[in-house]
Amino acid sequence: MTDLASALSAANAAVFATLGLDARHAEVRRSDRPDLAEFQCNGALAAAKAAGKKPLELAGEIAAAWDNTGLAAKPTIAGPGFLNFTVSANALTLRAQAIAEDARAGASLVARKRRVIVDYGGPNVAKGMHVGHLRASIIGESIKRVFRFRGDEVWGDAHFGDWGFQMGLMITAIEDELGGLADAPKLDARLQGLSLDYLEAAYPAAAAKAREDVAFRDRARKATAALQAGAEPHRTIWKAMHDVSMAAQKRDFASLGVDFDLWLGESDADPLIPEMVRDLESKGLLEEDQGARIVRVAGPGERKKKKLDDGTVIEVESPDPLLVISSEGSAMYGTTDLATIVQRVRDQQPDLILYVVDQRQADHFEQVYRAAAKAGYIAREALEHTGFGTMNGSDGKPFKTRAGGVLKLGDLIGQAEEKARARLREAEIGADFTTEEFEDVAHKVAIAAIKFADLSNFRGTSYVFDLDRFMSFEGKTGPYLLYQAVRIKSVMRTA
Ligand code: ARG
């Protein structure tokens, strides 16, 4: 189906041809000045230059030759020779009708199909999904759907955080809880009874302990390295935590209407790390740095000022080097991200990988992308961080519960559903529904409120989470849209 700009361009090109002008200059596009015209063509200027004529005169000839199509009246001339078009009412009606009848609502497919991976969601094992993952999920899901709708081949990947220090922390916490890991039946019983509630309570406690207790932190680091080296019972504990978290997160994602093609995680890239490290080594990109191994990614002269703990300011390279192997021998967040690029190039051959992740991780991605390009794994332009602002509480800081903890995604959806029920009752909607129908509608209204509120904000800015406002049946809200859709259907039915 041709859109109006393309139809006008084609008709204009025919006019240019009859006047012996280069049809390349005939392109018509949506006007920059909708107050003056709907569509415009600026090509008379270039065509006049080529033909050695006065632009205004040539524009006049073009306008005069425009009389055939029923698509638009003769263009008017503005400024030095711009052509302004106004589409005829008949052409508009036909186009509206065609859009209404088209399953794609008149949207065209991309001319050249690309292979696109959208990395979004990004929940972590042993930590429940919190509101920080909400924006990643909502925005990422939308971007994935838009790319797919436009005709690209698209994979959504959840990229679970299941391989870092937090795993070693949890293993060490369980070790302390059980007084050691040697008693196999005791450990087995603990893992049998593992729940997300347990993990969510134990993780913050272990993280807090690691901040204060150096010996504990050290043991957690060693446990991380041991897990990554395939030690037991580390692997078994890891697997149990992974499975419990994954099941819970799949439930949360499903209730948000978010679905992935690939449910891979950091751990899935782990088998590629040894060969990748050898490769980086052979390319001369790995450097020793205080017992760790790094890849420098800053170009010559790229420097920033850094304040040391004692207050002195020094100049260091910027961006920071990518930490590949820690001094304990562990793979880091950037290591798994780099290995995941190798894996994706091998498995999907993507033309583009989009990382829909909090803007605060911009530096991390810059390091990873530069390292990947330096190593020749993929072109820098094929990697893009689609950052976003945070969802804040009324205090302007990233959203927390009243008790100061991070709000779990499941609880947030629960709160929205509670509000939706109240609003539906106030509006006397659904009094005659079965409980099941009522709950289904409440859930849909809740999800519409959350998603619309998120997506109606500019991606890059932070916004304040205000359930009362999101849930209003008036104004720019998801529930309002749903309500209008239902009312329009009712009007149509009556008509
Ligand atoms: N798990 C990470 C977090 O919670 C997000 C992962 C984003 N994706 C990636 N490829 N690093 O912060």
> Does residue 338 count as more than 18 Å from residue 269 (Cα to Cα), surrounded by 17 or more Cβ atoms within 10 Å (Cβ to Cβ) and aliphatic (A, V, I, L, M)?
Replying inline: no
> Is it the case that region 255-267 has a residue that's at pLDDT 95 or above, exposed (fewer than 11 other Cβ atoms within 10 Å of the Cβ) and of a type outside the set (A, V, I, L, M, F, W, C)?
Replying inline: no
> Which of the following residues is surrounded by fewer than 19 Cβ atoms within 10 Å (Cβ to Cβ), within 30 Å of residue 297 (Cβ to Cβ) and at pLDDT 95 or above: 375, 382?
Replying inline: 375
>> Scan region 385-392 and tell me whether some residue there is in a strand (DSSP E or B), within 30 Å of residue 297 (Cβ to Cβ) and free of Cβ contacts under 8 Å to residues at least 40 places away in the same chain.
In response: yes
> Can you name the residue in region 104-132 that is under 14 Å from the mean Cα position of the chain (by Cα) and modelled with pLDDT of 90 or more and, of all such residues, is farthest from residue 149 (Cα to Cα)?
Replying inline: 123
>> If I ask for residues that are among the hydrophobic types (A, V, I, L, M, F, W, C), surrounded by fewer than 18 Cβ atoms within 10 Å (Cβ to Cβ) and under 32 Å from the mean Cα position of the chain (by Cα), which ones from region 296-327 would you list?
In response: 298, 316
> Can you name every residue in region 455-475 that is touching a Phe, Trp or Tyr at 6+ places or on another chain (Cβ under 8 Å) and closer than 23 Å to residue 389 by Cα?
Replying inline: 457, 459, 460, 465, 470
> Looking at 202, 173, 207, 229, which one is more than 30 Å from residue 145 (Cα to Cα) and modelled with pLDDT of 95 or more?
Replying inline: 173
> Looking at (1) of a type in the set (A, V, I, L, M); (2) assigned to a loop (DSSP other than H, G, I, E, B); (3) touching a residue at least 24 places away in the same chain (Cβ under 8 Å), which is the only condition residue 182 fails?
Replying inline: (3)
> When the residues of region 445-495 are filtered to those that are surrounded by 11 or more Cβ atoms within 10 Å (Cβ to Cβ), within 16 Å of residue 132 (Cα to Cα) and hydroxyl-bearing (Ser, Thr, Tyr), which remaining residue is nearest to the chain's Cα centre (by Cα)?
Replying inline: 462
>> Can you tell me which of (1) within 16 Å of the ligand (Cβ to nearest atom); (2) in a helix (DSSP H, G or I) is the one residue 156 doesn't meet?
In response: (2)
>> From the list 395, 411, exactly one residue is more than 16 Å from the ligand (Cβ to nearest atom), part of a helix (DSSP H, G or I), out of contact with any Leu (no Cβ under 6 Å at 6 or more places or on another chain) and modelled with pLDDT under 95. Which is it?
In response: 411
> Residues that are within 16 Å of the ligand (Cβ to nearest atom) and surrounded by 22 or more Cβ atoms within 10 Å (Cβ to Cβ): which strands (runs of 3 or more DSSP E) entirely in region 71-146 hold 1 or more of them?
Replying inline: 115-119
>> Take residue 342 and tell me if it is away from the ligand (no atom under 16 Å from the Cβ) and touching a residue at least 12 places away in the same chain (Cβ under 8 Å).
In response: no
> Given the residues 430, 393, 414, which is the only one that is on the phi > 0 side of the Ramachandran plot and out of contact with any Gly (no Cβ under 6 Å at 6 or more places or on another chain)?
Replying inline: 430
> residue 328 versus (1) within 16 Å of the ligand (Cβ to nearest atom); (2) in contact with a helix residue (DSSP H, G or I) (Cβ under 6 Å, 6 or more places away or on another chain): which is the lone unmet condition?
Replying inline: (1)
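The values are calculated or read from the model by the stated rules, or taken from the named source; none is laboratory data. In this text the structure is predicted, and so the values were computed from the model without any measurement. Quick reminder, even Gly has a Cβ in these numbers, built from the backbone with ideal geometry, and neighbours come from all protein chains shown.
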